[in-house]
Amino acid sequence: MIFDERLVERKHGKLSGMPWSTVDREKHWNYYNNEKYCDEESIPELFERVHLFLNQLKTKDYKSVLVVAH
């Protein structure tokens, strides 16, 4: 079993634990929105992190793979 930090949930930074009423949820989850709340990870940053994992996985010679993420 291999654990990889690139598959952790989106990093919300200072927003962690705060009520959702403090952010505009549409903007918060919109891929094309460049506005960040505090020090959170943007959606494009999250996608890039996961893509790096998947692209590296493609280079491995595994017979089978099961990826589990939250």
* Asked: Can you name every residue in the stretch 52-70 that is in contact (Cβ under 8 Å) with a residue 40 or more places away in the chain and either in contact with a strand residue (DSSP E or B) (Cβ under 8 Å, 6 or more places away or on another chain) or surrounded by 13 or more Cβ atoms within 10 Å (Cβ to Cβ) (or both)?
  -> Phe53
* **Near pairs, Cβ below 7 angstrom, 6+ apart or cross-chain, from the stretch 30-51 (under 14 Å from Val8 (Cα atoms)) to any residue that is assigned to a helix (DSSP H, G or I)** => Glu40/Gly13; Glu40/Leu15; Ile43/Trp29; Arg49/Arg6; Val50/Arg6; Val50/Leu7
* From Ser42, Ser21, which residue is over 14 Å from Ala69 (Cβ atoms) and open to solvent by 70 Å² or more (accessible area, probe 1.4 Å)? -> Ser21
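The values are calculated or read from the model by the stated rules, or taken from the named source; none is laboratory data. The shown structure was predicted, so the numbers you read here are calculated from the model rather than taken from an experiment. No Cβ is skipped: glycine too gets one built from the backbone with ideal geometry, and neighbour counts run over all protein chains shown. We work out accessible area using only protein heavy atoms, side chains counted, and drop any ligands, DNA or RNA first. Shrake-Rupley method; radii C 1.70, N 1.55, O 1.52, S 1.80 Å.
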